[in-house]
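The structure appears below as structure tokens.
Readers should treat all values here as calculations from the given coordinates under stated rules, not as data from a laboratory. Quick caveat, the model's predicted, so the values are computed rather than measured. Glycine also receives a Cβ, built like all others from the backbone with ideal geometry; neighbour counts cover every protein chain displayed.
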Amino acid sequence: MKKEITKYYPLIPVFTAYLFLFLVGKNISGMWQLVAMLLFYCAMGQAFNIFLGMTGYVDFGYVAFMGVGTYGMALAITNLAHIEGLGIGIIIIGFILALLMSTLLSMAVGAVALRLRGAYFAIATIGVNEGFRFLIEGARIWNGSEGLIFTAQLNQILGREAASSLMTYWADIMVLFIAALAAFVTLFYMRSKIGYALTALREDEDAAKVMGINVTKYKITAFITSACFAGLVGATSWALKTPYVFPPEVFEIHYTIEAIIIVLLGGAGTLLGPVVGGLIYGISKYYLSIFMPGFQLLIFAPIIIIIIVLFPEGVVGMLKSRTKGSVLARFII
Amino acid sequence: MSLLKLENITKRFGGLIAVNKVSLEISKGEFVGIVGPNGSGKTTLFNVISGVYFPEEGRVIFDGQDITTLQPYKRAPLGIGRTFQIPRPFASATVRENVAVGAMFGTLSGKVSVDESLEIADKTIERVRLQEHKDKPAGALTPVEKKLMEIARALAMKPKLLLMDEAMAGMHPNDIDQMVAFIKQIAVEEKIAIVSMVEHIMRAVVGMAEKVIVLHQGSKIVDAPTKEALEDPKVVEVYLGHPPEE
């Protein structure tokens, strides 16, 4: 039993970081906005890491899962708000719908794209978010390019006051929980057969196959898991926090790129990596845009390049090899 | 009953016939050397047996079951293990984790837990004497250690048949002798049939194989006990060319 617990030690630094963020946001006035942004980046990184980090496949269409998750929540709220007595149940239905939609989309994308490898997979997925955006706009699904605005419905369901504290506070807390849950699932995968299979296929897919690993099954497992978390992040960060959704905003490839940077900065396939990557990325972006508005990308890009060159395995990857053999090694993976 | 039976296997790549109507049989626990110059179809034949390629013609029968078009990941648990010509470790994972993967996915029951696999890995690593390196990433091993690691990884799968692709290439002659003795010992203890593929290191074949199959341009030209096979004029011709006319 003791052994079982030590297996989960690496969650301690992750959860400590989240707790610290929460306390900073709660106790230092004016910090909540930054903390909320950092939590969003950490959650997105943690979710994407399950696929990108553990399989080594780069999905450029990843934001599409966040997009459909946002729509899942938005659709639940807009369509069910008139039913009396559902109350907070609508939000739960929204989460279920978000999960369902991101699962379905990831199954559809995965069934086609996961047959491809490496760069071919990356190229094939680039079109997914754009395609989905144009489908919604062109076919006028879910109100097309006019999007869905559901502030009124949210007020109607929860009452004005509760709705406003949901948008400014509780949605961020939910993001924190989603990030923590994603971290837990990541570690659970790492410690189980799935993790071993994913490491093997990331390093050498053909060798993995002849060793008895059903690579397709494990790739799809990681893909769907990662997409589900993306859907949840979308449903909270983009639907509950800001109760409107427009196709060009939620299918913006920019977010995929941010997620890739976060995962690579922190250390792909590590548990703590997305937290570290999310913090470095979020903090530098935030302060650069305050102190050097207009120049942030010019300064930011070299910073990222320097970190990647210095630590090709990411910051946590570097820490991991530095602490090898010491007491700390048990906590940093 | 034979363990592995190939019936008239033909594998083409476009217009090139890599393996041409090859039939062979391997019995349980037998040591067989597959010999042939570069490009004679040895690796293709291995890939057909382990399922990386499906043959255009012919059948592959393993342990009484037709596995001609069975996916590779389903073959491993039946008892087909292999090592690669150029070692293919899961580089970022430790040696221990690499070997554990074999135990986890490559055994028939498929119900070996992670902890059990790691225990099996520890034991197997000791057998190939890599225990000092077991927590190193596999990518950091020397080439010879990587080969040993691959053998351990295959052994952890409890194979009935072990396909070794140039296991001795690039090794020092003394190491080869040691390796041969070692593989032989393990194979006898575990009752594994071994098919070892060799391009030119006859030392490895002579020391190990009971039977030698010689491939040339995709066809089997000789299938005989080791000594007989290596003295066969056809084999000499394949390797050294025509004897001078008198």
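Roughly speaking, what is the centre-to-centre gap between the range B:1-78 and the range B:117-177 when only Cα atoms are used, to the nearest Å?
The range B:1-78 and the range B:117-177 have Cα centres separated by 24 Å.
Which of rounded, prolate, oblate describes the protein assembly as shown, given a ≥ b ≥ c as roots of the alpha-carbon gyration tensor eigenvalues and a/c under 1.5 marking rounded, otherwise prolate only if a/b is larger than b/c?
Cα axes put the protein assembly as shown in the prolate bin.
Can you flag which of A:K209/A:K324; B:K111/B:K136; B:K11/B:K42 are past 19 Å Cα-Cα?
A:K209/A:K324; B:K111/B:K136
For chain A, find the longest principal axis of its Cα atoms and tell me its angle to the long axis of helix A:253-266, 0 to 90°, nearest 10.
Helix A:253-266 sits at roughly 30 degrees to that axis.
Output the relative contact order of the range A:40-189, whole-number percent, from Cα pairs under 8 angstrom with separation of 6+ residues.
About 34 percent, as a whole number.
If you take the square roots of the eigenvalues of the alpha-carbon gyration tensor of the range B:79-176 and sort them as a ≥ b ≥ c, do you get rounded (a/c under 1.5), prolate (a/b over b/c) or oblate?
Since a/c reaches 1.5 but b/c is at least a/b, the shape of the range B:79-176 is classed as oblate.
Which entries of B:K74/B:K146; A:K320/B:K191; A:K7/A:K217; B:K74/B:K234; A:K285/A:K320 show an alpha-carbon separation above 32 angstrom in the structure shown?
A:K320/B:K191; B:K74/B:K234
Sort A:I149, A:I306 by Cβ crowding within 10 Å, fewest neighbours at the top.
Exposure proxy ranking, most exposed first: A:I306, A:I149.
For chain A, what does the helix formula give at 222 nm: sum of -39500 (n - 2.57) over DSSP H segments with n ≥ 4, over the residue count, nearest 500 deg cm²/dmol?
About -23500 deg cm²/dmol.
Rule-of-thumb check for the range A:2-330: C-alpha Rg over 2.2 N^0.38 Å?
Its radius of gyration relative to the 2.2 N^0.38 Å reference: 0.99.
Relative contact order, percent, of the range B:45-203 when contacts are C-alpha pairs under 8 Å separated by at least 6 residues?
Once divided by the residue count of the range B:45-203, the mean separation gives 26 percent.
When the dipole is taken about the Cα centre of the range B:20-162, and only Lys, Arg (+1) and Asp, Glu (-1) are charged at their Cβ, what size is it in debye, to the nearest 20?
That gives the range B:20-162 a dipole magnitude of about 160 debye.
On average, how many beta carbons from a partner chain sit within 10 Å of the beta carbon of a residue in B:84-92?
Across the residues of B:84-92, the mean count of other-chain Cβ atoms within 10 Å is 4.
Let me have the 222 nm mean residue ellipticity of chain B computed from DSSP H runs of 4+ only, each contributing -39500 (n - 2.57), with the sum over all residues rounded to the nearest 500.
-11500 deg cm²/dmol
In what order do B:M208, B:M1 fall by count of nearby beta-carbon atoms within 10 Å, going from fewest to most?
Going from sparsest to densest Cβ surroundings: B:M1, B:M208.
Could you work out, residue by residue across A:200-209, how many beta carbons of other chains sit within 10 Å of that residue's beta carbon, and then give the average as an integer?
The shielding value for this peptide is 6.
What percent does the relative contact order of chain A come to when contacts are Cα pairs within less than 8 Å and at least six residues apart?
Answer for chain A is 32 percent.
Kindly express, to the nearest 10 degrees and within the range 0 to 90, the angle between helix A:89-113's C-alpha long axis and the longest C-alpha principal axis of chain A.
50 degrees
Working from Cα positions, state the angle (0 to 90°, nearest 10) between the long axis of helix B:173-190 and the longest principal axis of chain B.
Tilt relative to chain B: about 70 degrees.
At a 10 Å Cβ-Cβ cut-off, how would you order B:V214, A:V68, fewest neighbours first?
Ranked by crowding around the Cβ, least crowded first: B:V214, A:V68.
Can you tell me the length gained on complete extension of the stretch B:E237 to B:D66, counting 0.36 nm per residue apart and subtracting the Cα distance?
58.0 nm
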